[in-house]
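A short worksheet on the structure shown next.
The values are calculated or read from the model by the stated rules, or taken from the named source; none is laboratory data. Small disclaimer: the values here were computed from a predicted structure and weren't measured. Because the Cβ atoms are built from the backbone with ideal geometry, glycine has one as well, and the counts that use them run over all protein chains shown.
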Amino acid sequence: MREATQRALVARLLAHIEHGTTDRAPAERTVAADTYAGAERLEHERRTVLRRRPVVLAHSSQLAAAGDFVTDRVDGRPLLAVRGADGGVRAFLNVCRHRGAQLVEAEDGTAAKGFSCRTHAWRYGLDGALAHVPDRDRCFSPAALEGRDLLPVPVVERYGFVWLAPRPSGPGPLADPLGGRLADLDEDWSAFRFADDTLWATDRLVGRFNWKLGVEGFLEVYHFRSLHPDMQKYVFVPEVALFDRLGEHVRIVAPKREIRELRDVPPEQRLLRPHATLVYFVFPSTFVFVEKRHVTTLRIQPLTDESSEVRVLHTARRDGLLRPDALRTNIDLFSKVLAEDVAAAESVQRGLASAPQELLFGRNEAGLHYFRDSLAQAAEGEDRAPVDGREGGVPEREGAGE
Ligand code: FES
Ligand SMILES: [Fe+2]
């Protein structure tokens, strides 16, 4: 984030603190409870939004060298991402093209020589090309093996993270490159150098809540004082936050108590990062929490219309690695707070199921308004565009090795 932007954000925060105000939406809004329910609605969201937008898969440090790989399930699909010999990251469906066995079982590792299927030992190179078929000449004609490379998935490495779109594979160009979806973050993120950080810890949890309830739980600070007493007591200025739209994404700035000390610092020396938590919501379902010496990335994805998975990556800056105890304390607090957020989302899910009603978004909950605006616009704009085998599939190679 540029220093001029930091100074402007600090000025807005200090003004809010002085006047007892906060960023607000123009008006309250109501949201129907049934927008959180139904397999058909979820399928529509997947088709129009979730499969077409970038979600975070890994931090670049997890794929440091050629052959380093991670596997995961996104949108119900087993996926494999690997750094190639040319330094670029590629992603594939983690499914053998012979008779469909899962190709790689491990969650991560290094495969210097490519991937060999356990079932009949077909082997694929790091570029996904079918490299070896045992007893090839007796079993298959050359024509039968044509087009039996691993099925690619759109992927891009940007800002120190590997992002992909979990859309079906197939030949043909990408209609909407993933990197373009992230471009609205560029002004803030190009200066953060997340790529220099190192993976510190990961977490994964599953809860009984609609994915949008999960997302909305991180888009406001109104709940901090009541739901997270530990965090509020030690860290944040109550009820004050900045909300800015960055394209479809949202930037939330939650000031820490010591930001008040900046009143005595000349404006040109006021830096934001040490005095606030910066939360970037990468539409539609990734959050990046930028802390003083570490970054926490959180991906919320639907399993069903009433259950979701939360994937967490904690990455540390070099100066954070020098203070492992402080890092551990911060991450333990994050985990405790995350459990409180998940419990709250599950509580709302139960409430909606038993007593459907209209929900109310306050003016101070501007992030929720922005999220629903982006969702409505994305669904409307892309409802008519096909997302099938003809469209997706060629891995996006831009930004490799960034
Ligand atoms: S299913 Fe993979 S080699 Fe046969
Ligand atoms: Fe929370």
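Output the residues belonging to segment 302-336 that are of a type in the set (Val, Ile, Thr) and loosely packed, with under 15 Cβ neighbours inside 10 Å.
Residues of segment 302-336 that are of a type in the set (Val, Ile, Thr), as a first pass: 304, 310, 312, 315, 329, 331.
Listed by number, the residues that qualify are THR304, THR329.
Anything in segment 258-281 that is more than 15 Å from GLU291 (Cβ to Cβ) and free of Cβ contacts under 8 Å to residues at least 40 places away in the same chain? List them, or say none. First the steps, then the outcome.
Residues of segment 258-281 that are more than 15 Å from GLU291 (Cβ to Cβ), as a first pass: 260-270, 281.
Scanning segment 258-281 gives GLU261, ASP264, VAL265, PRO266, GLN269.
Please verify whether ASP203 is at pLDDT 95 or above, acidic (Asp, Glu), more than 16 Å from ligand 2 (Cβ to nearest atom) and more than 26 Å from ALA353 (Cα to Cα), treating the condition exactly as stated.
Answer is no for this residue.
Within segment 90-129, can you find the residues that are farther than 18 Å from LEU145 by Cα and of a type in the set (Lys, Arg)?
Across segment 90-129, the qualifying residues are ARG90, LYS113, ARG118.
Only one residue in ALA201, ALA191 is small (Gly, Ala, Ser) and surrounded by fewer than 14 Cβ atoms within 10 Å (Cβ to Cβ), so which one is that? Reasoning before the result, please.
Details: ALA201 fails: surrounded by fewer than 14 Cβ atoms within 10 Å (Cβ to Cβ).
The unique qualifying residue is ALA191.
Among the residues that make up segment 243-264, is at least one of them touching a Lys or Arg at 6+ places or on another chain (Cβ under 6 Å) and either away from ligand 1 (no atom under 16 Å from the Cβ) or within 28 Å of GLY180 (Cα to Cα) (or both)? So that I can check it myself, show each step before the final result.
Residues of segment 243-264 that are touching a Lys or Arg at 6+ places or on another chain (Cβ under 6 Å), as a first pass: 244, 262.
Cutting the leftovers down to either away from ligand 1 (no atom under 16 Å from the Cβ) or within 28 Å of GLY180 (Cα to Cα) (or both) gives us 244, 262.
Yes.
Give the residue that is nearest to the chain's Cα centre (by Cα), with candidates limited to residues of segment 88-108 that are surrounded by 13 or more Cβ atoms within 10 Å (Cβ to Cβ) and of a type in the set (Gly, Ala, Ser).
Within segment 88-108, the subset surrounded by 13 or more Cβ atoms within 10 Å (Cβ to Cβ) is 88-98, 101-104, 108.
Then drop every residue that is not of a type in the set (Gly, Ala, Ser), which leaves 88, 91, 101.
Numbers: GLY88: 20, ALA91: 16, ALA101: 28 Å.
This residue is ALA91.
Do any residues in segment 100-121 that are under 19 Å from ALA85 (Cβ atoms) have Cβ atoms under 6 Å from those of residues that are more than 12 Å from ligand 1 (Cβ to nearest atom) and in a loop (DSSP other than H, G, I, E, B), where the two are at least six apart or on different chains, and which pairs are they?
THR110/GLY67; ALA111/GLY67; ALA112/GLY67; GLY114/GLY125; GLY114/LEU126
Can you name every one of the helices (runs of 4 or more DSSP H) wholly within segment 224-325 that holds 3 or more residues which are away from ligand 2 (no atom under 16 Å from the Cβ)? Talk me through it step by step, then tell me what you get.
Numbers: elements: 224-227, 229-234, 318-321.
Fully inside segment 224-325 and qualifying: 318-321.
Please determine whether any residue of segment 332-349 is in a loop (DSSP other than H, G, I, E, B), touching a residue at least 40 places away in the same chain (Cβ under 8 Å), in the same structural domain as ASP23 (by TED's automatic domain parsing) and within 16 Å of ligand 2 (Cβ to nearest atom). Spell out how you get there, then give the answer.
Initially, segment 332-349 is screened for residues in a loop (DSSP other than H, G, I, E, B), giving none.
No, segment 332-349 contains no residue that is in a loop (DSSP other than H, G, I, E, B), touching a residue at least 40 places away in the same chain (Cβ under 8 Å), in the same structural domain as ASP23 (by TED's automatic domain parsing) and within 16 Å of ligand 2 (Cβ to nearest atom).
Please determine whether any residue of segment 132-153 is more than 16 Å from ligand 1 (Cβ to nearest atom) and under 19 Å from ALA58 (Cβ atoms).
Taking every residue of segment 132-153 in turn, at least one turns out to be more than 16 Å from ligand 1 (Cβ to nearest atom) and under 19 Å from ALA58 (Cβ atoms).
Name, by its number, the condition in (1) surrounded by fewer than 19 Cβ atoms within 10 Å (Cβ to Cβ); (2) modelled with pLDDT of 95 or more; (3) assigned to a helix (DSSP H, G or I); (4) not basic (Lys, Arg) that does not hold for LEU42.
Condition (1) is where LEU42 drops out.
Please count how many residues of segment 49-83 are part of a helix (DSSP H, G or I) and buried (at least 20 other Cβ atoms within 10 Å of the Cβ). Please lay out each step first, then the result.
First, the residues of segment 49-83 that are part of a helix (DSSP H, G or I): 49-50, 60-63.
Applying the additional criterion that residues be buried (at least 20 other Cβ atoms within 10 Å of the Cβ) yields 49-50, 60, 62-63.
The number of residues fulfilling the criteria is 5.
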